[in-house]
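Participant: Below is a structure I'd like to ask you about.
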Amino acid sequence: MGGALTVARRELSGYFATPVAYVFIVIFLIMSGALTFTLGNFFGRGTADLQPFFGFVPWLFLFLVPALTMRLWAEERRLGTIELLLTLPITQWQAVLGKFLAAWAFCAIALVLTFPLVLTVNYLGNPDNGVIVTGYVGCLLVAGTYLAVGAAISALTKNQVIAFVLAVAVCFLFAAAGSPVVTEFLSTRIPALAEIARGISITDRLNGFSRGVVTLRDLIFFASFIGFWLFANAVAVDHRKAD
């Protein structure tokens, strides 16, 4: 892990060396607060919890995370620095994992900065803070899944815009797979696909965490999902690093 952590520190410091990190965080904080208090009807619900916030986070990350990952490998390939990175005394897996961990840590920082919502809900009522903690863990896992997908797609192209659009499209498929519109449509036509759609739905998995229910099945899902896309990332880097 030493090499991966070295890459992660380098990448994370690189985020804050440009305005991109601050723009990402500001947009995320503004949008999450605005959606929670307006469309989420935070005050009108009369319930001291963060369910509205947790409900919007996957859809916010759907656009913001691909914007974060689109440059991870695409920029390295465009500038031709990917060969330099891989000649350092680290393995290819350490480079892939390090970049992923840096982006994941950055998303964790963005989530931590939403703490005023936690203070607000505790001021207004007596919430179950254990449920709030598990909800945040679920949001972080969702960010990890989107990051893994976005990083793998970024490794396939030199064009950041293409990487962004493809990552949004793929992440949207996994986010919307369990929505009532999709499952009802599939249930009436291809029932077997409806069950598969529910099984791969990221938002459905988050719902359990936001209710304070953490199951081994959900943890395995997120771990295997992230692991698969990181593996795909490593394979893509290996096959296209000389392009």
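Participant: Between segment 1-42 and segment 128-176, what's the alpha-carbon centroid distance in Å?
Facilitator: So the two Cα centres are separated by 13 Å.
Participant: Equivalent ellipsoid semi-axes for segment 2-240, as square roots of 5 times the alpha carbon gyration tensor eigenvalues: give them largest first, rounded to whole Å.
Facilitator: Semi-axes (√(5λ), whole Å): 31, 22, 16.
Participant: Take the Cα radius of gyration of segment 119-169 and divide it by 2.2 N^0.38 Å, with N its residue count; two decimals is plenty.
Facilitator: That ratio works out to 1.75.
Participant: Output the 0 to 90 degree angle, nearest 10, between the alpha-carbon long axis of helix 92-112 and the longest principal axis computed from the alpha carbons of the chain.
Facilitator: 30
Participant: Counting only helical runs of four or more DSSP H residues, what would the 222 nm mean residue ellipticity of the chain come to if each run contributes -39,500 (n - 2.57) and the total is spread over all its residues?
Facilitator: -25500 deg cm²/dmol
Participant: Moving on. Among PHE28, PHE106, which comes first, second and so on when ranked by fewest other beta-carbon atoms within 10 Å?
Facilitator: On the way: PHE28 20, PHE106 23.
Going from least to most buried by this count: PHE28, PHE106.
Participant: What is the helix-to-structure angle for 51-69, meaning the angle in degrees between its Cα long axis and the longest Cα principal axis of the chain, kept from 0 to 90 and rounded to the nearest 10?
Facilitator: 10
Participant: Would you order MET31, MET70 from fewest to most other beta-carbon atoms within 10 Å of each residue's own beta-carbon?
Facilitator: Exposure proxy ranking, most exposed first: MET31, MET70.
Participant: Let me ask another. How much length, in nm to one decimal, is gained on full extension between PHE43 and ARG217, taken as 0.36 nm per residue of separation minus their Cα-Cα distance? Let's see the in-between values first.
Facilitator: Working: separation 174, 0.36 × 174 = 62.64 nm, distance 3.37 nm.
My answer for the length gained is 59.3 nm.
Participant: While we're looking at this one, here's another question. On a 0 to 90° scale, report how tilted helix 216-240 is relative to the longest principal axis of the chain, with both axes built from alpha carbons and the result rounded to the nearest 10.
Facilitator: 30
Participant: Springs between alpha-carbon atoms under 10 Å, Gaussian network over the chain: tell me which of VAL214, VAL121, VAL23 tops the mean-square fluctuations.
Facilitator: VAL23
Participant: So what is the relative contact order of the chain, in percent, for Cα pairs below 8 Å that sit 6 or more residues apart?
Facilitator: Normalised by residue count, the contact order of the chain is 27 percent.
Computed from the coordinates by the stated procedures, all read-outs in this text should not be read as laboratory data. Everything numeric here is computed off the predicted structure, so don't read it as measured data. No Cβ is skipped: glycine too gets one built from the backbone with ideal geometry, and neighbour counts run over all protein chains shown.
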